[in-house]
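Read the structure below first, then the notes.
Nothing in this text is a laboratory measurement; each read-out follows from the coordinates by a stated rule. What you are looking at is a predicted structure, and each value in this text was computed from that prediction instead of being measured. Every residue, glycine as well, gets a Cβ built from its backbone with ideal geometry; the counts of neighbours run over all protein chains shown.
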């Protein structure tokens, strides 16, 4: 008679294997250019020139890997010439103005995903190309299109592959930025930790850098 050997079950190990793909994303400094009360919107580019950047950020509980729905994912970053809205002029240290470009955020869906359209950031003295990130929960949306309240679960930064940034930086409008560019390896904040430290996975949207990039990252946060 044919003897069949039962296949060992993996049920006992599956949760462990699943948990291994969820990593707590490192906390990093908020920096000096955060402003409260930014707009909830999926496109933050306004009239800023630059190469398109389509961000897909998936927020998960770092313990269970469960997607975090209705979390507000907020980003802010500099334009091609290294300036932040709200702080234009005088090397970024003027009193805040009322500019809002390249700032804002969206709520995650039931899949934990936030999709934000912007432009590839520029750079300013002493920092590599980066985007600032916050994850909030339990926010209240306001009539003016902004948000208030809630709790911050994560403050971090998003980083870009050095090879891609070098290609982007060689072309207009980025090439008009005369500030010496700090590379990813030279940066004082990025610790070479890869995705766990906010390094995006970038995919070209066309044959030229000017066609833009899609950037993806899974952001693991502590929910309790």
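Across the chain, the relative contact order, built from alpha-carbon pairs under 8 Å that are at least six residues apart, equals 27 percent.
When the chain is treated as a GNM with alpha-carbon contacts under 10 Å, the residue of 43, 61, 144 showing the greatest mean-square fluctuation is 144.
Over the Cα atoms of region 124-206, Rg to Rh with Kirkwood Rh, two decimal places? Ratio of gyration radius to Kirkwood radius: 1.07. Sorted from longest to shortest, the spans of the Cα atoms of region 22-221 along the three principal axes equal 43, 35, 31 Å. Which residue, 164, 106, 59, tops the fluctuation ranking in a GNM of the chain built on C-alpha contacts under 10 Å? Taking springs between Cα atoms under 10 Å, the residue moving most is 164.
Computed from the Cβ-Cβ distance with R0 of 22 Å, the FRET efficiency linking residue 125 to residue 56 stands at 0.15. Put a dot 7 Å past the Cα of residue 203, heading toward its Cβ, do the same for residue 43, and the two dots end up 2.1 nm apart.
Just to verify a number: FRET efficiency for residue 69 and residue 191, C-beta to C-beta distance, R0 = 30 Å, to 0.05? With R0 = 30 Å, the Cβ-Cβ based efficiency is 0.50.
Of all beta bridges that DSSP places with both ends in the chain, some 75 percent have antiparallel geometry.
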